[in-house]
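The values are calculated or read from the model by the stated rules, or taken from the named source; none is laboratory data. Remember, it's a predicted structure, so these values are computed and weren't measured experimentally. Every residue, glycine among them, receives a Cβ derived from its backbone with ideal geometry; neighbour counts consider all protein chains shown. Accessible surface is based on the protein model in full, side chains and every heavy atom, while ligands, DNA and RNA are left aside. Shrake-Rupley method; radii C 1.70, N 1.55, O 1.52, S 1.80 Å.
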Amino acid sequence: MNKTGKKIGGISAVLIILIVFAAAAASAFFVLETLKNRNLAQGTERLGAQDYTAAKEYLIKADKYSLRPNEDILKGLAVCYFETNESAEAKRCYEKLIALDTQNAEYRYELGKICVKTKDYETAEQQIHTLREMKTPQASKYADELTNAIHTGMVKGIFKDFLDKIAPGLGNIP
């Protein structure tokens, strides 16, 4: 066989390998998308039934199969984590959602609520500041609600500390 025949044969082999590799990658992508969508649907269904523990399991699986951050998965996970009192995880989800959509007032409001709940008033204040800068009626409403929640939380904290000092045996007052 001559050199030209070897070159054509070598090029053909490389092209066939590339085509096979591309087909395998495409198949893997479709399998991952199918698994992600199936778990997202199951998680959304459980979320609608307020079964937050089961919903969280499905949504975690959906997130693992997602090749990039998915807004629907992250929103569902944030709700599940919040409802199962996993504030740090809920906060992480809302931070990711805000990174995806910096102008979403609802995400900033929800993050602010979690920060107030966990007494992270500095981060809550940052969300209030950003919401006020958005200059939309909804963002202003959210900012006002967070401001009131911070004030209420601080007053409750002061009152609780006072009660703990004068009557330590009273127990935990909400």
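Wrap a convex hull around the Cα atoms of region 64-109, take a quarter of its surface area, and give that in square nanometres. Can you show the working numbers first?
Working: hull surface 12.6 nm².
The number I arrive at for region 64-109 is 3.2 nm².
First measure r as the distance between the Cβ atoms of Lys64 and His151, then evaluate 1/(1 + (r/R0)^6) with R0 = 35 Å and state the FRET efficiency to the nearest 0.05.
0.30
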Could you work out the per residue convex hull volume over the alpha carbons of region 1-100, in cubic angstrom?
104 Å³
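Heavy-atom accessible area per residue, region 1-124, 1.4 Å probe: how many Å²? Present the calculation step by step, with values, prior to reporting the outcome.
Details: 7750 Å² over 124 residues.
Solvent-accessible surface per residue comes out at 63 Å².
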Where in region 48-83 is the amide nitrogen less than 15 Å from a point lying 7 Å along the Cα-to-Cβ axis of Leu100?
59-81
Between Val20 and Ser87, take the C-beta separation as r, use R0 = 45 Å, and let me know the FRET efficiency to the nearest 0.05.
0.40
Measure off 7 Å from each Cα along the Cα-to-Cβ vector at Ile11 and Ser140, then give the distance between these two points in nanometres to one decimal.
6.8 nm
Which pairs, out of Lys56/Lys113; Lys36/Lys56; Lys75/Lys113; Lys56/Lys119, put more than 23 Å between their alpha-carbon atoms?
Lys56/Lys119
Sequence order, region 51-57: Karplus ³J(HN,Hα) from phi using 6.51 cos²θ - 1.76 cosθ + 1.60, θ = phi - 60°, Hz rounded, Gly and Pro as x, gives 9, 5, 5, 5, 4, 4, 4
With a bin width of 10 angstrom, please list the P(r) values of region 99-158 as percents of all Cα-Cα pairs, from the 0 bin to the one holding the largest distance.
27, 54, 17, 2
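Using a 1.4 angstrom probe with every protein chain in place, what is the largest-first accessible-area order of Arg108, Arg68, Arg38, Arg92? Working shown, then result.
Values: Arg108 30, Arg68 170, Arg38 145, Arg92 85 Å².
The most accessible residue leads, giving Arg68, Arg38, Arg92, Arg108.
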Sequence of Glu145, Glu122, Glu83 from largest to smallest accessible area, 1.4 Å probe:
Glu122, Glu83, Glu145
What are the ³J(HN,Hα) values, in whole Hz, obtained from phi via the Karplus relation 6.51 cos²θ - 1.76 cosθ + 1.60 with θ = phi - 60°, for each residue of region 29-42 in sequence order, with x given for Gly and Pro?
4, 5, 5, 4, 4, 5, 5, 4, 5, 5, 5, 4, 4, 5
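Expressed in whole Å with the largest first, what are the equivalent ellipsoid semi-axes of region 55-145 derived from the C-alpha gyration tensor as the square root of 5 times each eigenvalue?
Values: eigenvalues 114, 44, 18 Å².
Three semi-axes, in Å: 24, 15, 9.
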